[in-house]
Number of protein chains: 2
Amino acid sequence: MTREKLYLYDTTLRDGQQTQGVQFSTEEKQQIAQTLDALGVDYIEGGWPGANPTDSAFFDAAPKTRARFTAFGMTKRAGRSAENDDVLAAVMNAGTDSMCLVGKTHDFHVTTALGITLAENTENIRASIAYIAAQGREALFDAEHFFDGYKANPEYATEAVLAAYSAGARWVVLCDTNGGTLPEEIGAITRAVIDAGIPGDRLGIHTHNDTANAVAGSLAAVDAGARQIQGTLNGLGERCGNANLITLIPILMLKSPYAERFEIGVSKDALRGLTAASRQLDDILNRVPTKQAPFVGASAFAHKAGLHASAILKDPSTYEHIDPDLVGNARVIPMSNQAGQSNLRRRLSEAGLSVEAGNLALVRILDRIKEREAEGYTYDSAQASFELLAREELGQMPAFFEVKRYKVTVERRKNKRNQMVSLSEAIVVVKVDGEKKLSVSESIDAEGRDRGPVNALWTALAKDLGRYGDAVADMRLVDFKVRITGGGTEAVTRVIIDSEDAQGRRWSTVGVSANLVDASFDALLDAVNWKLLREGAVARA
Amino acid sequence: MTREKLYLYDTTLRDGQQTQGVQFSTEEKQQIAQTLDALGVDYIEGGWPGANPTDSAFFDAAPKTRARFTAFGMTKRAGRSAENDDVLAAVMNAGTDSMCLVGKTHDFHVTTALGITLAENTENIRASIAYIAAQGREALFDAEHFFDGYKANPEYATEAVLAAYSAGARWVVLCDTNGGTLPEEIGAITRAVIDAGIPGDRLGIHTHNDTANAVAGSLAAVDAGARQIQGTLNGLGERCGNANLITLIPILMLKSPYAERFEIGVSKDALRGLTAASRQLDDILNRVPTKQAPFVGASAFAHKAGLHASAILKDPSTYEHIDPDLVGNARVIPMSNQAGQSNLRRRLSEAGLSVEAGNLALVRILDRIKEREAEGYTYDSAQASFELLAREELGQMPAFFEVKRYKVTVERRKNKRNQMVSLSEAIVVVKVDGEKKLSVSESIDAEGRDRGPVNALWTALAKDLGRYGDAVADMRLVDFKVRITGGGTEAVTRVIIDSEDAQGRRWSTVGVSANLVDASFDALLDAVNWKLLREGAVARA
């Protein structure tokens, strides 16, 4: 049986940016576009060219993607031709193969918000779509407020989407803009549109999560015949967010009847990268990943109930609806039992440490991790710090050098030209091979900018590590994340530092303290020690 | 038309406690039971008497509730009578009017996990339910793994639930224990059970959110005829959580066709307490409330897109599916570079600044915001910093004091007992009313812990602000968020500080710099200036 093609249209970079507190930089948009492309979505909506400088800059240096790169805009305004509408021109000029234009289909919005007649609005839709199609480019029509519009005036809402379809829109996307339509109704109205003459393989669905039904509403539209789903990574989006593609993708690939009926652009391999893709977006946004997120959350396959956990050991299918490996996630079972130990051994072997089952060090490592997690540490992403901790318990951690003390000063004052300037200065004292070494460094970079106290500490530390100097010379700090988290009864600061070297290694380390500079310094030390291990440095006895 | 009664069964205190990281104390259970009762649910499942000391203590001092207070347990084991099963006895002895027993209905689990015959299992269900009913108490039967069981062996799954029904169970609850069944299938199987002889008003539905369809699955079962919904507050529960009653309640009360067809125990007044109930649970659990939560999240009625925001000003129904007042939530129109002038004026008027349309300061404020957002600032959540920026452009920002310079030192060294300790020290120099004031403070708190450089800066700054000292005396820093973000071509640090005062005000301010201490200091200064404004402080000319 051949499976029907179902298209995924991602709007993380456009509708996703409507999330409160989210503002992507051009570089972040580039990164996310790459993630989406690797995942295998069919369309990547990049933003609204001309609407703001970031979106314009992003389209100017549009990434090369396998997915169709799409510019978003709106249908032409009344009283001018499509050719002479400057807002539409900016969208056309972005030069993408595909363009998605939003337009009104709810009579109330046409007369109230736009203040034009229904006929004028229909003509705006027709002319805009026809204009794109006439240039041999692909047109999509986002039918804003379609479901509310259909409920208020089914004749007009249908007229509006038929206008787009007849004018040559590849896709007519039914949008539940306010997020209030329940799945049952989405299905019924989608069927009515198909009955009115738009084939299902020309229809898309765009839902919002205001009633926690964005995924169910998308599925209801597919059940009714729609063949394109619009959504975002992690369900980003205005208010309660858009349909979450991170949830929809595994449902479509693993769940009956979708897995049997449809084919989507995501490969089984890419599906295994789903959890990583979700976490990567959270990293970019510095958001704490949602533990309870379906499929990809840290708790999604965590079995707390004692009865469940023991049944899981006999057969995972007893309390799991899918195998977590399929989506790159992992089963979590209370660390204290047998399963916890085999998990740990797997993790250690990933770090090149082979430890036989039953080794008492395993229990010590588990205890130490629990203790540190209670203090606010996390080893989920800080794999390098995890390895150092395990090596200590295994007696396999060389003492390369010892930090005797450090001191860092941050100052803001007026300079000679009466400008306020800030400056950081760090002193680090280490003992290497029995020899004490004092280094001092300030935070001012080549452009005269103050790079802050952590940078100053890093520069001072790297300045003189004696015979280890060469080994860390190609290392640099590439990211720095700070979170306030509960450590026992007090709030503490958790710092995660990502480092990179010239060989392309990238590693993460963690530090925790009530003092954020101190937490940073600990993460720095771990980063340096891990690098020395990888460089094969040997400590003198 | 009389509306049919639909029952809500809350299991926050039992299944909700399976959430990773959640462990209620007896007092917390009391508090939550009161919240549930005030909300108006029909059943409160209190826990499993005998399973752990907390649950036993809670039942010993069972709260007086309008809702039926229910004890959870499991059906008797094979090879003993219901009267002689000690696990069942503990549940009976809790003395509640209602008891809910879980039992197996999936053939594979019966033979694999329990290791008994299907007939024995059926008899265990029958005898346990009959025993409760014979004592004149209300019995509920939670049919574990019912949907997976039905798919594997519909005859046996049906036999098992019919046994409970025939033995006198008031409710037979169909549980999608592993959370993998999609709404369509839940509806179809629920209909099949009704066809097999259990009336819908004796059927309940218990879903999990592993595919983000817990709410949709509950609605599908109700559509099919079930008349009881089991769920938890905020969707707590094992793995991805249970069906979220906080979402279901407003859907059932406000959305078609449920609002017209059904009556639930929640009053319109209680519905207005929904947001508070949700936040209260987060407070008890010390969790950050989910911003994007349907109905009750801080972003649920936040309108970021410029076009949306200006339409909302004309008529909120343009981009809102319900009035946020109905669930005790509030509309938010945040600032972002997509905002228009009308959005801006609305935001200013919320801050008590009335500016007429067309005032050129509006353009200057928007330009300034755009410029600063390009540098890495964000004003979505930092409402207080937004107000200060606007006041500056409007010429309405008093210069209360001037910071001449600051210096902060963070040091780690060995103390006399050879322990590594860290210490921060800050010096702040301000000019108030022409007078220069030097203050110094260190970061060590009452317990001897180093609170870090930002805390030291704050303490030093607050130490002597001259005649403004009293105005800031009740202010404290409650949260601190740091992220690295692109500012132009360079990475910069963005710090957001949340402050609170004794009058219950809570405000957020933002600072950006390549130097994280410097960024923190700027956010601090904004926090102090905003507080002085609110306290009606007046700067001398």
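Residue by residue through segment A:442-471, note down the ones that are of a type in the set (Asp, Glu) and either under 13 Å from residue A:524 (Cβ atoms) or more than 9 Å from chain B (Cβ to nearest Cβ) (or both).
Of segment A:442-471, the ones of a type in the set (Asp, Glu) are A:442, A:445, A:447, A:450, A:464, A:470.
Listed by number, the residues that qualify are A:442, A:464, A:470.
Does residue B:86 satisfy the criteria of being of a type in the set (Asp, Glu) and more than 26 Å from residue B:27 (Cα to Cα)?
Working: of a type in the set (Asp, Glu): yes; more than 26 Å from residue B:27 (Cα to Cα): yes.
Considered against the rule, which asks whether it is of a type in the set (Asp, Glu) and more than 26 Å from residue B:27 (Cα to Cα), residue B:86 comes out as yes.
Looking at segment B:211-230, which of its residues are more than 11 Å from every other protein chain (Cβ to nearest Cβ) and within 22 Å of the chain's Cα centre (by Cα)?
We begin by selecting, within segment B:211-230, every residue more than 11 Å from every other protein chain (Cβ to nearest Cβ); these are B:221, B:224-230.
Within segment B:211-230, B:229, B:230 meet the criteria.
I need every pair where a residue in segment A:452-467 that is over 16 Å from residue A:405 (Cβ atoms) and modelled with pLDDT of 90 or more has its Cβ under 7 Å from the Cβ of a residue that is part of a helix (DSSP H, G or I) and not aliphatic (A, V, I, L, M), sequence separation at least 6 or different chains.
From residues that are over 16 Å from residue A:405 (Cβ atoms) and modelled with pLDDT of 90 or more, the pairs are A:454/A:520.
Okay, residues lined up against (1) assigned to a strand (DSSP E or B); (2) touching a Lys or Arg at 6+ places or on another chain (Cβ under 9 Å); (3) in contact (Cβ under 8 Å) with a residue 60 or more places away in the chain:
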position	(1), (2), (3)
B:87	no, yes, no
B:92	no, yes, no
B:128	no, yes, no
B:139	yes, yes, no
B:148	no, no, no
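Tell me which of these residue B:164 doesn't satisfy, since it passes every other one: (1) closer than 25 Å to residue B:56 by Cβ; (2) more than 14 Å from chain A (Cβ to nearest Cβ); (3) touching a Phe, Trp or Tyr at 6+ places or on another chain (Cβ under 9 Å); (4) not charged (D, E, K, R).
Going through the list (1) closer than 25 Å to residue B:56 by Cβ; (2) more than 14 Å from chain A (Cβ to nearest Cβ); (3) touching a Phe, Trp or Tyr at 6+ places or on another chain (Cβ under 9 Å); (4) not charged (D, E, K, R), residue B:164 breaks only (1).
Output the residue which, of all residues in segment B:380-431 that are among the hydroxyl-bearing types (Ser, Thr, Tyr) and at the interface with chain A (Cβ under 10 Å from one of its Cβ atoms), is nearest to residue B:494 (Cα to Cα).
Taking segment B:380-431 as the starting set, the residues that turn out to be among the hydroxyl-bearing types (Ser, Thr, Tyr) are B:381, B:385, B:406, B:409, B:422, B:424.
Subset that is at the interface with chain A (Cβ under 10 Å from one of its Cβ atoms): B:381, B:406, B:409, B:422, B:424.
Values: B:381: 13, B:406: 19, B:409: 21, B:422: 24, B:424: 21 Å.
Top of the filtered list is B:381.
Residue by residue through segment B:260-281, note down the ones that are outside any loop (DSSP other than H, G, I, E, B) and either among the hydroxyl-bearing types (Ser, Thr, Tyr) or within 11 Å of chain A (Cβ to nearest Cβ) (or both). Let's see the steps before the verdict.
Taking segment B:260-281 as the starting set, the residues that turn out to be outside any loop (DSSP other than H, G, I, E, B) are B:260-263, B:268-271, B:274-281.
Of everything in segment B:260-281, those that are outside any loop (DSSP other than H, G, I, E, B) and either among the hydroxyl-bearing types (Ser, Thr, Tyr) or within 11 Å of chain A (Cβ to nearest Cβ) (or both) turn out to be B:275, B:278.
So which of A:161, A:172 ends up being out of contact with any His (no Cβ under 6 Å at 6 or more places or on another chain), closer than 18 Å to residue A:207 by Cα, free of Cβ contacts under 8 Å to residues at least 60 places away in the same chain and not in a helix (DSSP H, G or I)?
Numbers: A:161 fails: not in a helix (DSSP H, G or I).
After applying the criteria, what remains is A:172.
State yes or no: is residue A:296 in contact with a Ser or Thr (Cβ under 9 Å, 6 or more places away or on another chain) and modelled with pLDDT of 95 or more? Working first, answer last.
Working: in contact with a Ser or Thr (Cβ under 9 Å, 6 or more places away or on another chain): yes; modelled with pLDDT of 95 or more: yes.
For residue A:296, the condition - in contact with a Ser or Thr (Cβ under 9 Å, 6 or more places away or on another chain) and modelled with pLDDT of 95 or more - is met.
Could you pull out the residue among B:209, B:124, B:213 that is crowded, with 24+ Cβ neighbours inside 10 Å, of a type in the set (S, T, N, Q) and in contact with a Cys (Cβ under 6 Å, 6 or more places away or on another chain)?
Details: B:124 fails: in contact with a Cys (Cβ under 6 Å, 6 or more places away or on another chain); B:213 fails: in contact with a Cys (Cβ under 6 Å, 6 or more places away or on another chain).
Matching residue, one of B:209, B:124, B:213: B:209.
For the condition surrounded by fewer than 24 Cβ atoms within 10 Å (Cβ to Cβ) and closer than 29 Å to residue A:251 by Cα, what is the one hit in B:227, B:170?
B:227
Within segment A:24-43, does at least one residue satisfy the condition of being free of Cβ contacts under 8 Å to residues at least 24 places away in the same chain, in contact with a strand residue (DSSP E or B) (Cβ under 7 Å, 6 or more places away or on another chain) and more than 26 Å from residue A:272 (Cβ to Cβ)? I'd like the intermediate steps shown before the answer.
Our first condition is that a residue be free of Cβ contacts under 8 Å to residues at least 24 places away in the same chain; within segment A:24-43, this holds for A:27.
Filter once more, keeping what is in contact with a strand residue (DSSP E or B) (Cβ under 7 Å, 6 or more places away or on another chain): A:27.
Still in the running and more than 26 Å from residue A:272 (Cβ to Cβ): A:27.
The answer is yes, given that some residue of segment A:24-43 is free of Cβ contacts under 8 Å to residues at least 24 places away in the same chain, in contact with a strand residue (DSSP E or B) (Cβ under 7 Å, 6 or more places away or on another chain) and more than 26 Å from residue A:272 (Cβ to Cβ).
What's the total number of residues in segment A:134-155 that are buried (at least 20 other Cβ atoms within 10 Å of the Cβ), away from chain B (no Cβ under 14 Å) and over 31 Å from the mean Cα position of the chain (by Cα)?
0
Please go through segment B:304-321 and pick out each residue that is facing chain A (nearest Cβ under 7 Å) and at pLDDT 80 or above.
The answer is B:315, B:318, B:319, B:320, B:321.
Condition test on residue B:197, is it over 30 Å from residue B:279 (Cα atoms) and either touching a residue at least 40 places away in the same chain (Cβ under 8 Å) or surrounded by fewer than 24 Cβ atoms within 10 Å (Cβ to Cβ) (or both)?
On the way: over 30 Å from residue B:279 (Cα atoms): yes; either touching a residue at least 40 places away in the same chain (Cβ under 8 Å) or surrounded by fewer than 24 Cβ atoms within 10 Å (Cβ to Cβ) (or both): yes.
The answer is yes for residue B:197.
Is it true that some residue in segment B:197-214 is over 25 Å from residue A:291 (Cβ atoms) and acidic (Asp, Glu)?
yes
With respect to residue B:288, is the statement that it is under 14 Å from the mean Cα position of the chain (by Cα), within 11 Å of another protein chain (Cβ to nearest Cβ), surrounded by fewer than 23 Cβ atoms within 10 Å (Cβ to Cβ) and within 22 Å of residue A:19 (Cα to Cα) true?
yes
Taking residue B:77 and the conditions (1) away from every other protein chain (no Cβ under 14 Å); (2) assigned to a loop (DSSP other than H, G, I, E, B); (3) in contact with a helix residue (DSSP H, G or I) (Cβ under 8 Å, 6 or more places away or on another chain), which numbered condition does it fall short on, given that it satisfies the others?
(1)
Anything in segment B:504-541 that is in a loop (DSSP other than H, G, I, E, B) and either at pLDDT 90 or above or more than 14 Å from chain A (Cβ to nearest Cβ) (or both)? List them, or say none. Reasoning before the result, please.
Applying the first criterion (in a loop (DSSP other than H, G, I, E, B)) to segment B:504-541 yields B:504-505, B:514-515, B:535-541.
Result: B:504, B:505, B:535, B:536, B:537, B:538, B:539, B:540, B:541.
Restricting to segment A:343-381, give me the number of residues that are hydroxyl-bearing (Ser, Thr, Tyr), part of a loop (DSSP other than H, G, I, E, B) and loosely packed, with under 13 Cβ neighbours inside 10 Å.
Of segment A:343-381, the ones hydroxyl-bearing (Ser, Thr, Tyr) are A:349, A:354, A:377-379, A:381.
So of that shortlist, the ones also part of a loop (DSSP other than H, G, I, E, B) come out as A:354, A:377-379, A:381.
After this cut, where a residue has to be loosely packed, with under 13 Cβ neighbours inside 10 Å as well, the list is A:354.
Count: 1.
Quick one: is residue A:508 more than 26 Å from the chain's Cα centre (by Cα) and crowded, with 20+ Cβ neighbours inside 10 Å?
Numbers: more than 26 Å from the chain's Cα centre (by Cα): no; crowded, with 20+ Cβ neighbours inside 10 Å: yes.
No: the conditions fail for residue A:508.
Condition check ((1) of a type in the set (Ser, Thr, Tyr); (2) at pLDDT below 90; (3) within 30 Å of residue A:282 (Cβ to Cβ)) across all residues:
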| site | (1), (2), (3) |
| --- | --- |
| B:428 | no, no, no |
| B:433 | no, no, no |
| B:444 | no, yes, no |
| B:450 | no, yes, yes |
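Report, by residue number, each residue of segment A:247-291 that is closer than 30 Å to residue B:492 by Cβ, of a type in the set (A, V, I, L, M) and touching an Asp or Glu at 6+ places or on another chain (Cβ under 9 Å).
Within segment A:247-291, A:284, A:285, A:288 qualify.
The values are calculated or read from the model by the stated rules, or taken from the named source; none is laboratory data. In this text the structure is predicted, and so the values were computed from the model without any measurement. Virtual Cβ from ideal backbone geometry, glycine too; neighbours counted across all protein chains shown.
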